[in-house]
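Below: one structure, written as C-alpha cells.
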Amino acid sequence: MGVKKLIDQLNKEEALSYDNWLVLLSSYTPHDISYAQSLAQQIVRSVYGRDIYVRGLIEYTNYCKNDCYYCGIRRSNHKAERYRLTREELLSCCRQGYALGFRTFVMQGGEDGFYTDDWLEETIHEIKRKYPDCALTLSMGERSYDSYKRFYQAGADRYLLRHETAEQHHYEKLHPKELSFSHRKDCLYALKEIGYQVGCGFMVDSPFQTVETLAEDMLFIHDLKPHMIGIGPFIPHKDTPFHDRPQGSLEKTLFFISLLRIMEKHALIPATTALGTIHSKGRELGILAGANVLMPNLSPVFVRKKYALYDNKICTGEEAAECKDCLAKRIESIGYKIVCERGDYKP
Ligand code: SAH
C-alpha cells in the first residue's frame with residue numbers, strides 16, 4: 001500500500017499496525033508530508049478552530065538527580081550553573097503571567113529532592129487558591145503514586161511526562177540503567193488513573209532512534225491515549241555524552257506533528273521551543289502542521305539561560321511580556337489567534 005493510502009487509513013481508523021507504520025515511516029516523500037499537513041490542518045480546525053492555547057512555562061529548578069545522556073541539566077554536567085526558585089519567586093511568575101493573560105501555568109524542572117511533597121503540595125494549593133480560574137500543569141518527572149495523588153488533590157490539573165521512547169532497548173541507550181521505560185510507563189498510566197490530563201512525547205531524531213522505535217512510539221501513544229503530546233527535535237548540548245550527535249530534522253518533526261494530529265484528533269499538541277530553536281519560523285510551521293499549543297517562557301530572566309536542556313535555546317533574554325507579544329504577532333501572521341483561556345482538552 002502507498003503512503004497516501006496509509007495516511008488515509010490512519011485518518012479513518014485512528015490507528016495503524018506496527019508493519020504499516022514501518023512502511024509509512026520508511027517510504028514517505030515530501031509529497032506525503034504536504035498531504036499529511038493538509039489533513040492535519042483540517043482536523044485541528046474542526047476540533048479547536050483557529051485558537052492557539054498558551055501555557056506559561058516556569059522552569060523552577062535545574063537541579064536533577066538523573067543523568068539522561070541527552071539532557072544539559074543532567075547530574076553529571078558539572079558545568080551547569082544550578083538554581084532553585086523560592087515559593088515567592090514562583091508565585092511572582094504566576095502573578096506576572098496572569099496579568100499577561102496566561103490561564104495555564106506549567107511548573108517544570110529537573111528531579112530535585114529539595115522540593116518535598118509537603119512543599120509542593122502547599123505551593124500547588126497556594127497557586128490554585130490565588131488563581132482558581134487557571135489550570136496548573138506539573139512536569140517534574142517520576143514520582144510515587146502517592147505523591148502524584150497528593151498533588152492532584154492539592155489542585156494540579158495536568159502532568160507532562162514525555163515517555164522519550166517506547167522501545168526498551170532504545171530507552172536504555174538514552175538513559176543510565178537506573179531508569180527504565182517500564183517505570184516511565186507505569187507513571188504515565190498512574191497519572192491517568194488519578195485523573196490528570198496527561199501528556200507524553202518524544203524527541204525526533206534522538207540518538208539511536210529508528211523507524212522501528214518510532215513505530216513503537218506511535219503504538220504506545222495510541223494505547224495511552226494522552227490528552228497532550230509534546231514532540232520536538234533532539235538538539236545536542238555541548239556538555240553531554242551526545243554533544244556530537246546531529247540535531248533532529250525539521251521536516252521529520254513537522255511530519256510527526258501532522259501524523260499525531262491525524263491519529264489523536266483531539267490532542268493538545270505544542271509547537272515546542274526546540275522546534276523554534278532549529279528554525280526561525282519553527283513554531284509557526286508547527287502550528288501549520290497541526291499543533292495548537294505554545295509554551296512561552298515565564299521563568300525569571302535571571303535563570304533562563306541556566307535551564308539549558310540543549311544548546312542555543314531561544315527566548316532566554318526577553319521578558320515574558322515581550323515573548324507573548326512576539327508570539328501573538330507570529331501567530332496572527334499565519335491566520336491563527338492566541339486565546340486567553342485554560343485551554344482544556346476537548347473530548
Ligand atoms: N524532569 C522532567 C522535565 C524534563 S525536560 C521530566 O523528566 O519529565 C522536558 C523535555 O525536554 C524532556 O522530556 C526531553 O524530551 C526534552 N529534552 C531534554 N534534552 C533535550 C535535548 N537535548 N534536545 C531536545 N529536547 C530535549
Tally up the residues in region 58-76 that are away from the ligand (no atom under 11 Å from the Cβ) and in contact with a His (Cβ under 9 Å, 6 or more places away or on another chain), please.
1
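The rows are residues; the columns are (1) farther than 17 Å from Val303 by Cα; (2) out of contact with any helix residue (DSSP H, G or I) (no Cβ under 7 Å at 6 or more places or on another chain); (3) loosely packed, with under 15 Cβ neighbours inside 10 Å.
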residue: Thr61; (1), (2), (3): no, yes, no
residue: Asn66; (1), (2), (3): yes, yes, no
residue: Arg74; (1), (2), (3): no, yes, no
residue: Thr104; (1), (2), (3): yes, yes, no
residue: Gln108; (1), (2), (3): no, yes, no
residue: Asp112; (1), (2), (3): no, yes, no
residue: Ile127; (1), (2), (3): yes, no, no
residue: Pro132; (1), (2), (3): yes, yes, yes
residue: Glu142; (1), (2), (3): yes, no, no
I want to confirm something. Restricting to region 227-283 and keeping residues that are closer than 28 Å to Glu13 by Cβ and hydroxyl-bearing (Ser, Thr, Tyr), which single residue is surrounded by the fewest Cβ atoms within 10 Å (Cβ to Cβ)?
Ser249
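Name the single residue, out of those in region 240-288 being of a type in the set (Lys, Arg) and within 15 Å of the ligand (Cβ to nearest atom), that is farthest from Cys326 (Cα to Cα).
Initial filter on region 240-288 (of a type in the set (Lys, Arg)): 245, 252, 261, 265, 281, 283.
Subset that is within 15 Å of the ligand (Cβ to nearest atom): 245, 252, 283.
Working: Arg245: 31, Lys252: 26, Arg283: 12 Å.
Looking at residues that are of a type in the set (Lys, Arg) and within 15 Å of the ligand (Cβ to nearest atom), I get Arg245.
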Picked from region 145-156 (must be out of contact with any Cys (no Cβ under 9 Å at 6 or more places or on another chain) and farther than 13 Å from Val198 by Cα), the residue most open to solvent (accessible area, probe 1.4 Å) is Gln153
Hey, Tyr159 crowded, with 20+ Cβ neighbours inside 10 Å, under 19 Å from the mean Cα position of the chain (by Cα) and in a helix (DSSP H, G or I) or not
no
If I filter region 202-227 down to residues being on the phi > 0 side of the Ramachandran plot and without any contact (Cβ under 8 Å) to a residue 40 or more places away in the chain, which single residue comes out as nearest to the ligand (Cβ to nearest atom)?
Phe208
Could you give every pair whose Cβ atoms fall below 6 Å, whose first residue belongs to region 297-318 and is in contact (Cβ under 8 Å) with a residue 40 or more places away in the chain, and whose second residue is more than 9 Å from the ligand (Cβ to nearest atom) and of a type in the set (S, T, N, Q), counting only separations of at least 6 or pairs across chains?
Arg304/Thr316; Lys306/Asn62; Tyr307/Asn62; Cys315/Asn297
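Among the candidates His169, His183, single out the residue that is assigned to a helix (DSSP H, G or I) and either over 26 Å from Tyr307 (Cβ atoms) or near the ligand (Cβ under 10 Å from one of its atoms) (or both). So that I can check it myself, show each step before the final result.
Working: His183 fails: either over 26 Å from Tyr307 (Cβ atoms) or near the ligand (Cβ under 10 Å from one of its atoms) (or both).
Among His169, His183, only His169 is assigned to a helix (DSSP H, G or I) and either over 26 Å from Tyr307 (Cβ atoms) or near the ligand (Cβ under 10 Å from one of its atoms) (or both).
The values are calculated or read from the model by the stated rules, or taken from the named source; none is laboratory data. From a predicted model like this one, the values you see are computed outputs, not experimental measurements. FYI the Cβ positions are ideal-geometry reconstructions off the backbone, even for glycines, and counts take in every protein chain you see. Just so you know, the surface numbers come from the protein's heavy atoms only, side chains and all, with ligands and any DNA or RNA stripped out. Shrake-Rupley method; radii C 1.70, N 1.55, O 1.52, S 1.80 Å.
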